[in-house]
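Everything below concerns the one structure shown next.
Nothing in this text is a laboratory measurement; each read-out follows from the coordinates by a stated rule. On a predicted model such as this, the values are computed, not experimentally measured, just so you know. Please note: Cβ atoms are built from the backbone with ideal geometry, for glycine as well, and neighbour counts cover all protein chains shown.
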Amino acid sequence: MKKETATRFTVSLPPTLLKQLDEMTREKGYDNRSLAIADMIRAQLVEHRQKSDSREIAGTITLVYDHHKLHVQETLTDIQHDHHEVILSTVHVHLDHHNCLEVLIVRGQASVIRKIADELIAAKGVKHGKLTVTTTGKDLPA
C-alpha cells in the first residue's frame, strides 16, 4: 500500500481565532496545529457523510429508561431482535432501583440505523435516548 504524503495549504485566520485554536491545540495535547486541524476536518467529514442514507456508519444508541414501566423491556428487546443484523453488542447497566442505561453498538446503512434509533428512543418508558454516529474508518485517512 502506497503511503500518502501530506499536502501543505495556507489558511488565513483572524488573530483572535488563531489564538483560540492554539489554546485548544495545547489543551487537547496536540503536537501542532496541523494535527488539530486534521482531526477537526475528519470530524466534519464524518458528520457530513453520516447524512447520506446509503452510507455505512457505526455508532451507539444510548437509552435511559425506567424498567418498572410496563412492557418497556419487552418492547426494546423486540425491536433489537428485529434488527439483530446491525446491532453488534449491547451493554445494560442498572443505574438505581428504577433506571437502566442501555448502550447498543450498531453498524449498518445510515438510514436503517437512524430508523432503529428513532424507534427505540420513541418507545414508551424511554426517558432519554441518543444516537451517536461515527465512521467505520474505511473512508478516512489516518
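Figures for the structure shown
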quantity: Equivalent-ellipsoid semi-axes of segment 30-69, from the Cα gyration tensor, Å, largest first; calculated: 32, 17, 6
quantity: Loop GluC sites (Glu not before Pro), segment 39-134, which have at most 12 other Cβ atoms in a 10 Å radius of their Cβ (DSSP); calculated: 85
quantity: Largest-first principal axis extents of the Cα set of segment 56-134 (Å); calculated: 37, 19, 17
quantity: Exposure proxy ranking, count of Cβ atoms within 10 Å, fewest first, for 28, 138; calculated: 138, 28
quantity: Rg to Rh, two decimals, where the chain supplies the alpha carbon set and Rh follows Kirkwood; calculated: 1.11
